[in-house]
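**Q** Quick one: structure below, then a few questions.
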Amino acid sequence: MGKRLTTGISRRGFMVGASAGALAMPAIWSPSRAQGKRITVRDDGGIYTQAYGAIYYRPFTEATGIEVVAVQAQAEPTAQIVSMVDAGAYTWDMAKISLPAILILTTGDKVYLEKHGLESDPAVQKIPPQYMSEYGVGTNVYSTVLAYRTDAFEGRTAPSSWADYWNVEDFPGRRSMRRHPFDTIEQALMADGVPGSDVYPCDVDRAFGMLDKIKPNIDVWWTSGSQAEQLLISGEVDMVPTWVSRPQAAQAAGAPVEIVWDQGIWGCDHWSILAGTPNADACREFIKFCSEPERMARLSEHFPAGVVQPEAFDYISDDIARHSPTYPDNIATGVKIDAQYWLDNNEAVIERFNAWILE
């Protein structure tokens, strides 16, 4: 077991950690092989690019001579990837994408991602199967949670479940909800007593029955993570289901916000290589580099990342680790998104949701 990181970062400082120095690592590529090499990686921007630059991109270049260029793009950039591969013109070589995006890109007559073939790599093989795909190596787990303002519940019981969020009599307060069925359908079912293990396949009629009940009490329908974050910071709403990075950012900004980890709805982002890129082998070396447990642990110096390497927690102090989506206590009570279900049903459910919201 390695030495735990004890960064001394306060709860408010999670999102603005200092840059991490490069770990001393042996070169993976010889200078002659690496000369002139460059890979372009799509990531999520913001705090992710900052952290990845310090922990992954620059150290990888120092160790191998392979330059890493980060680019940002819309969430789930499947259309862009299809366009690049079809044209054989690679603006990117690899991308950080979710499992639903991987299924979209690999289900059909043409496959738009490369099989990574890294299952036997010493670091990669330590990543649990639930965070892996033959077309992607897990890098970060995201989670949708219930967040609330603690000042709105001073002197009274705070919500601790989706059922509490739906219980407007015992838990009065201004509410916000995502204007999209993803995660929202799952929340409605769990609020109605469906165990997490039985959420999929979703009983959509039952879910909309619950949404009918809560709809009159939704004050704001949010459409972006930044909007949900601002609603918490400003105190415009008291409760909101949203991606966990948003209440964490609100906490970092000093807002009195708490997170309910129980029944969190989680998915995994993966490093995936675009089919046909001439830099596929360099991408594989980069993925192996990023998968080392101690290196992955260094992300906690920037934000409480959902690290996919169990051994990474050996290097993260407990006060930071417990705010990670993959901390054992948090992931144990969560519900994994069924990517195949949404691949098969998203069009019909989105159409119904959009019609319902306008009723």
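**Q** Please give me, ordered by residue number, the trypsin sites (Lys or Arg not before Pro) of region 131-228 that lie in loop per DSSP and have at most 10 other Cβ atoms within 10 Å. Kindly include the intermediate steps, with their values, before the conclusion.
**A** On the way: sites: Arg149, Arg156, Arg174, Arg175, Arg178, Arg179, Arg206, Lys213; in loops: Arg156, Arg174, Arg179.
Loop-located and lightly packed - Arg156.
**Q** Let me ask you something else. Which of (i) 0.98; (ii) 1.32; (iii) 1.01 is the computed Rg/Rh (Cα atoms, Kirkwood Rh) for the structure on display?
**A** Only one option fits the structure, namely (i).
**Q** With a 10 Å Cβ neighbour count serving as the proxy for reagent exposure, in which order, fewest first, do Asp170, Asp281 appear?
**A** The order, fewest Cβ neighbours first, is Asp170, Asp281.
**Q** Additional query: Could you list Thr78, Thr150, Thr326 so that the one with the fewest beta carbons within 10 Å of its beta carbon is first and the one with the most is last?
**A** Working: Thr78 18, Thr150 12, Thr326 25.
Lowest to highest Cβ neighbour count: Thr150, Thr78, Thr326.
**Q** Restricting to DSSP loop positions (anything but H, G, I, E, B) with no more than 12 other Cβ atoms inside 10 Å of their own Cβ, which GluC sites (Glu not before Pro) remain in region 131-222?
**A** On the way: sites: Glu134, Glu154, Glu169, Glu186; in loops: Glu134, Glu154, Glu169.
Taking region 131-222 and a limit of 12 other Cβ atoms within 10 Å, the loop GluC sites (Glu not before Pro) found are Glu154, Glu169.
**Q** Would you please give the FRET efficiency between Ala89 and Leu358, computed as 1/(1 + (r/R0)^6) with r the Cβ-Cβ distance and R0 = 30 Å, to the nearest 0.05?
**A** Values: r = 40 Å, r/R0 = 1.34.
FRET efficiency, Ala89 to Leu358: 0.15.
**Q** Continuing with this model, one more query. To two decimal places, what compactness ratio does region 70-168 give when its Cα radius of gyration is scaled by 2.2 N^0.38 Å? Don't skip to the end; give the middle numbers.
**A** Numbers: Rg = 19.7 Å, N = 99, 2.2 N^0.38 = 12.6 Å.
This ratio for region 70-168 stands at 1.56.
**Q** Another question, if that's okay. Taking amide hydrogens as modeled 1.01 Å from N in the peptide plane, which residues meet the under 5 Å criterion relative to Met94, leaving out close sequence neighbours?
**A** Thr40, Arg42, Leu274
**Q** Have a look at the DSSP beta bridges in the chain and tell me what percent are antiparallel, nearest 5. Numbers along the way, then the final one.
**A** Working: 25 of 41 bridges.
Here the share of antiparallel DSSP bridges comes out near 60 percent.
**Q** Over what distance in Å are the Cα centres of region 60-81 and region 300-358 separated?
**A** 22
**Q** Quote to one decimal, in nm, the extra length available between Glu347 and Ser234 on full extension: 0.36 nm per residue of separation minus the C-alpha distance between them.
**A** Values: separation 113, 0.36 × 113 = 40.68 nm, distance 3.41 nm.
Between Glu347 and Ser234, full extension yields an extra 37.3 nm.
**Q** Expressed in nm to one decimal, what extension gain is obtained for the pair Lys115 and Trp221 from 0.36 nm per residue of sequence separation less their Cα-Cα distance?
**A** Details: separation 106, 0.36 × 106 = 38.16 nm, distance 3.89 nm.
Extending this stretch completely gives an extra 34.3 nm.
All of the numbers you see were taken from the coordinates with simple rules; none came from a lab. Just so it is clear, the structure is predicted and the values come from calculations on it, not from any experiment. All Cβ positions, glycine included, derive from the backbone under ideal geometry; neighbour counts span all protein chains shown.
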